[in-house]
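First the structure, in the form of structure tokens, and then the observations on it.
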Amino acid sequence: MLIVGNQKTYLSKEAVLEFVSKIKDYRNNNVVICPSYLYIDLFCSNTDLIVGSQNVSEKEISSMTGEITARQLSSMGIKYCIVGHSERREYLKENSDVFANKIKNLIDNNIIPIFCVGEKQTEKGNNLTKDVVGKQILEVLSNFASCDIKNIVIAYEPVWAIGTGLVPTNEEIIDVVNYIKDLISDKFGINLLVLYGGSVNKKNISLLNQISSIDGYLIGGASTKVDEFLYIVSECSK
Ligand code: 13P
């Protein structure tokens, strides 16, 4: 199981310091925290956690004002990086070409990309979930050789489930996760880890855990509260 916390832009410096002080002696090789860029060093310097990034520059060049490159992330000890999150698709208009460039830079710097895919509510309503998710995956993964693809983790995050408290049924998740695994295995001959993300919390984790084909979770809001986050992790180790 791989459990990844995406803390987005939720926490102030004070809140991060409190989070870090509560979790500083915790180490678990299956747990990754992705803080805001601003707080990466706080986590790297003061905890034993595996630290990931929420983003990376599309360009790997040394003069990109305001950006942070994969090489810089690697120099900080970053092991994972989220790419393709629906918030970046929606609000920053990032597309498959951007994601492919980011993933290339990450792989070149030995950082594992966590590539997010997922359908919007209307797409689900129109029975387009697999079309959308399949297109998102193939447009990006087709840029890579199998030896590079094997380093990627996929996160299935239905857009309508993010931050809403809504979660697909277990049957719906199983259907999409199996589709993703079969698609990648058929096209590239590789079995990738597939995480689920979208409103995972302490109340629904035991139900979600009944799905054996899920390889882990990408957790937003619930990853900002130490007690809830560690409770979810402990449920996943059962
Ligand atoms: P929530 O867990 O807050 O719904 O967020 C999910 C997410 O976007 C993780 O990347």
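The values are calculated or read from the model by the stated rules, or taken from the named source; none is laboratory data. Just so you know, these numbers come straight off a predicted model, no measurement behind them. Cβ: placed from backbone, ideal geometry, glycine included. Neighbour counts: every protein chain shown. These area figures cover heavy atoms from the full protein model, side chains too; ligands, DNA and RNA do not enter into them. Shrake-Rupley method; radii C 1.70, N 1.55, O 1.52, S 1.80 Å.
Of the residues that make up the range 192-203, is at least one modelled with pLDDT of 95 or more, open to solvent by 60 Å² or more (accessible area, probe 1.4 Å) and more than 16 Å from the ligand (Cβ to nearest atom)?
no
N191 fails exactly one of the following numbered conditions: (1) closer than 20 Å to A100 by Cβ; (2) free of Cβ contacts under 8 Å to residues at least 24 places away in the same chain; (3) not basic (K, R). What is the number of that condition?
(1)
Please work out if F99 is more than 18 Å from G221 (Cβ to Cβ) and in a helix (DSSP H, G or I).
Yes, satisfied.
Among (1) within 16 Å of the ligand (Cβ to nearest atom); (2) part of a loop (DSSP other than H, G, I, E, B), there is one condition R88 misses while meeting the rest; what is its number?
Every condition holds for R88 apart from (2).
Note down all Cβ pairs under 9 Å where the first residue falls in the range 150-174 and is among the aromatic types (F, W, Y), the second is open to solvent by 50 Å² or more (accessible area, probe 1.4 Å) and within 16 Å of the ligand (Cβ to nearest atom), and they're at least six residues apart or on different chains.
These pairs meet every condition: W160/K120; W160/Q121; W160/K124; W160/L166.
Condition check ((1) of a type in the set (F, W, Y); (2) touching a residue at least 24 places away in the same chain (Cβ under 8 Å); (3) within 21 Å of K181 (Cβ to Cβ); (4) buried (at least 19 other Cβ atoms within 10 Å of the Cβ)) across all residues:
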residue: S62; (1), (2), (3), (4): no, no, no, no
residue: G66; (1), (2), (3), (4): no, no, no, no
residue: I78; (1), (2), (3), (4): no, yes, no, yes
residue: C81; (1), (2), (3), (4): no, yes, no, yes
residue: G84; (1), (2), (3), (4): no, yes, yes, yes
residue: S96; (1), (2), (3), (4): no, yes, yes, no
residue: I114; (1), (2), (3), (4): no, yes, yes, yes
residue: G134; (1), (2), (3), (4): no, yes, yes, no
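Give S74, S45, S12, S21 a once-over and let me know the one that is modelled with pLDDT of 95 or more and surrounded by 14 or more Cβ atoms within 10 Å (Cβ to Cβ).
Of S74, S45, S12, S21, the one residue that is modelled with pLDDT of 95 or more and surrounded by 14 or more Cβ atoms within 10 Å (Cβ to Cβ) is S74.
Filter the range 150-163 down to the residues that are near the ligand (Cβ under 7 Å from one of its atoms) and assigned to a loop (DSSP other than H, G, I, E, B), then identify the one that is least open to solvent (accessible area, probe 1.4 Å).
E157
Is it the case that some residue within the range 165-177 is within 10 Å of the ligand (Cβ to nearest atom) and surrounded by fewer than 19 Cβ atoms within 10 Å (Cβ to Cβ)?
For the range 165-177, residues within 10 Å of the ligand (Cβ to nearest atom) and surrounded by fewer than 19 Cβ atoms within 10 Å (Cβ to Cβ): present.
Provide a single number: the residues in the range 136-149 that are open to solvent by less than 60 Å² (accessible area, probe 1.4 Å), modelled with pLDDT of 95 or more, away from the ligand (no atom under 16 Å from the Cβ) and not in a loop (DSSP other than H, G, I, E, B).
Adding up the residues that qualify gives 6.
Could you figure out which of (1) in a loop (DSSP other than H, G, I, E, B); (2) basic (K, R); (3) away from the ligand (no atom under 16 Å from the Cβ); (4) at pLDDT 95 or above isn't true of K181?
(1)
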